[in-house]
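The values are calculated or read from the model by the stated rules, or taken from the named source; none is laboratory data. Quantities reported herein were computed from a predicted structural model and do not represent experimental measurements. Cβ coordinates were reconstructed from backbone atoms using ideal geometry, including for glycine residues, and neighbour counts include every protein chain displayed.
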Amino acid sequence: MIDPRVASGLRDIPPSVMIPRERMLATFRRTFASFGYVPIETPHIERMEVLTGKGAGSDEVLRQIFEVINKGGEAGKLALRFDLTVPLARFVAKHVNELGTPFKRYAIGSVFRGERPAKGRFREFVQCDFDTVGTESAVADAETAHVIYAALTAAGVPAFRITLNNRKILDGLLDTLGAADKTGPVLRALDKLAKVGRDKVLGELQRGEEDSSTRLLSAEQAARILDFVEQGQGGVEVLSRVEETLGRHPRAAEGIANLRTILGLLDAASVPAAYLALDLGLARGLDYYTGVVFETTINGWEKFGSISSGGRYDNLASLFTDRRLPGVGASIGLDRLLALMEEAGWLQGTATTVPVLIAQFPGVDAAVAVKLGARLRAAGVGAEVFPEPIQVGKQMGYGSTRGHKVAVIVGPDEAGKELFNLRDLATRQEQKAIPWAELEASVKRALGDS
């Protein structure tokens, strides 16, 4: 017999998680659409050159790509997508003339990375992306943070924080330190700060990445960068402090002004300041970000990692077209978010998608239960008919275990008189001898009460 276990880093999803997962997805789709984003889909498999083009992703991500080789196929030609942003850039470059700009899209689907499995980290996971392409407006930047806030709030996610930065500020800092040509490896090192701590990042900033034998920065340069980063956390007051040191650098000044505008627009949109923070060391590991960047964590669960991230990428589409197509967007990591909420005990425990169980009483024609179930569904109330006329107590246990709210029971005496009993499966209280004519109204009233 074959061992039924799944491969490392992959997992089966039971109904107790899949049901709240589907509800959350529906909430995200409604939220994205309410801001004017339209859905698209791109293939799970892309040409390797699309995913590995210069600037498409960091070296770490590119090392995690799953190559796809069909039987008799040629190696190095196809791969599974590692995110939804690079495929978006290809999609827009191909279809921009028919789409027009600005183009606002959302896409929800699986992506694949061959990274080491860990808590909240999987080799296949679902991203919920939304992006605006074809504009450099700070309105689009601010809307990205607004959508993150609106989607997570609508989905009932507990208190969280959206952290912002602008990569132009870090670019200005590195330029003043004479390290403008070291931007990529420096930002990738800073991206690890919250995970590994100051000392390890300090060492990497001086030593360089593992595959490099050359010195990256001097000890003084590395220390000044980390001091700047550690002092650049907080609210809007952080921008006043950084203006004193970098306000005259033109690129850094652009980043500071952009963040001030974004925070003002978010205030106008009534996004509470308690949900926002600035972190001038926030870099995001992907190379294609050029301006504002976002990272969202659950309060008290920061070690679990980001549940939503993104930023502005003004040059990504240049991989595929000469036309300038600046963009900004973010992704909500559905599976990491659900893994966190499951561990925290925040998921509602249910293994059913309907609130009503229709019992099939022994000795009663099955058509009775089928008829009443059909009537409830026609009235907009989900109902499941138990398939076998076993002992009613066992049917009630089935309903309680799976999370049904109420049960409709029709015994032989009730069937002849067109009556039914309605049981609250939580309290076990039962309303008896209700006429069939009152089925829909009685069940809706009971569900409202429960």
- Item | Of all residues making up region 224-252, the number that are part of a helix (DSSP H, G or I), small (Gly, Ala, Ser) and touching a helix residue (DSSP H, G or I) at 6+ places or on another chain (Cβ under 7 Å) | 1
- Which pairs have Cβ atoms under 8 Å, sit 6 or more apart or on different chains, and link a residue in region 244-262 that is free of Cβ contacts under 8 Å to residues at least 40 places away in the same chain and more than 16 Å from residue 312 (Cβ to Cβ) to one that is among the aromatic types (Phe, Trp, Tyr) and assigned to a helix (DSSP H, G or I)? 245/228
- Looking at 99, 88, which one is in the same structural domain as residue 267 (by TED's automatic domain parsing) and either under 27 Å from residue 279 (Cα atoms) or buried (at least 18 other Cβ atoms within 10 Å of the Cβ) (or both)? 88
- Message: Based on this model, can you work out whether residue 357 counts as at pLDDT below 95, among the aliphatic types (A, V, I, L, M) and closer than 24 Å to residue 425 by Cβ?
- Response: no
- Going through (1) at pLDDT 90 or above; (2) surrounded by fewer than 15 Cβ atoms within 10 Å (Cβ to Cβ); (3) closer than 30 Å to residue 319 by Cα one by one, residue 50 fails only at (2)
- Note on the structure: Among the residues of region 356-381, the number that are under 22 Å from residue 448 (Cα atoms), surrounded by fewer than 14 Cβ atoms within 10 Å (Cβ to Cβ) and in contact (Cβ under 8 Å) with a residue 24 or more places away in the chain is 1
- Any residue at all in region 9-31 that is crowded, with 18+ Cβ neighbours inside 10 Å, farther than 27 Å from residue 96 by Cβ and at pLDDT below 90? yes
- Task: Within region 331-381, work out how many residues are in contact with a Cys (Cβ under 8 Å, 6 or more places away or on another chain) and of a type in the set (A, V, I, L, M).
- Result: 2
- Query: Which ones in region 411-433 are crowded, with 16+ Cβ neighbours inside 10 Å and touching an Asp or Glu at 6+ places or on another chain (Cβ under 9 Å)?
  - Reply: 415, 419, 420, 421, 422, 423, 424
- If we scan region 71-84, do we find a residue that is assigned to a helix (DSSP H, G or I), among the hydrophobic types (A, V, I, L, M, F, W, C) and surrounded by 17 or more Cβ atoms within 10 Å (Cβ to Cβ)? no
- Residues satisfying the stated conditions in region 325-356, i.e. under 30 Å from residue 447 (Cα atoms) and among the hydroxyl-bearing types (Ser, Thr, Tyr): 350, 352, 353
- Query: Is one or more of the residues making up region 266-277 in contact (Cβ under 8 Å) with a residue 24 or more places away in the chain, touching a helix residue (DSSP H, G or I) at 6+ places or on another chain (Cβ under 8 Å), crowded, with 18+ Cβ neighbours inside 10 Å and not in a helix (DSSP H, G or I)?
  - Reply: yes
- Note on the structure: Scanning region 305-330 residue by residue, those in contact with an Asp or Glu (Cβ under 7 Å, 6 or more places away or on another chain) and assigned to a strand (DSSP E or B) turn out to be 309, 312, 327, 328, 329
- Query: Among the residues of region 24-50, how many are aliphatic (A, V, I, L, M) and closer than 30 Å to residue 73 by Cβ?
  - Reply: 4
- Name the pairs: first residue in region 33-50 and assigned by TED's automatic domain parsing to the domain that holds residue 139 and in a helix (DSSP H, G or I), second residue modelled with pLDDT under 95 and loosely packed, with under 13 Cβ neighbours inside 10 Å, Cβ to Cβ under 7 Å, at least 6 apart or on different chains? 48/76
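So that you can scan it fast, the table gives a plain yes or no per residue for (1) part of a helix (DSSP H, G or I); (2) farther than 25 Å from residue 299 by Cβ; (3) out of contact with any strand residue (DSSP E or B) (no Cβ under 8 Å at 6 or more places or on another chain); (4) not acidic (Asp, Glu):
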position	(1), (2), (3), (4)
144	yes, no, no, yes
156	no, no, yes, yes
162	no, no, no, yes
181	yes, yes, yes, no
185	yes, yes, yes, yes
- Query: Of the residues 93, 56, 89, which single one is touching a helix residue (DSSP H, G or I) at 6+ places or on another chain (Cβ under 6 Å), modelled with pLDDT under 90 and closer than 24 Å to residue 326 by Cβ?
  - Reply: 56
- Note on the structure: Subset of region 377-408, residues of a type in the set (D, E, K, R), over 31 Å from the mean Cα position of the chain (by Cα) and part of a helix (DSSP H, G or I), comes to 377, 394
- Message: Being among the hydroxyl-bearing types (Ser, Thr, Tyr) and surrounded by 24 or more Cβ atoms within 10 Å (Cβ to Cβ) is the requirement here; does residue 163 meet it?
- Response: no
- Message: Checking residue 276 against (1) closer than 20 Å to residue 27 by Cα; (2) touching a Phe, Trp or Tyr at 6+ places or on another chain (Cβ under 9 Å): exactly one of these is not met. Which one?
- Response: (1)
- Task: Say whether the condition of being surrounded by fewer than 21 Cβ atoms within 10 Å (Cβ to Cβ), out of contact with any strand residue (DSSP E or B) (no Cβ under 9 Å at 6 or more places or on another chain) and among the basic types (Lys, Arg) is met by at least one residue in region 226-244.
- Result: no
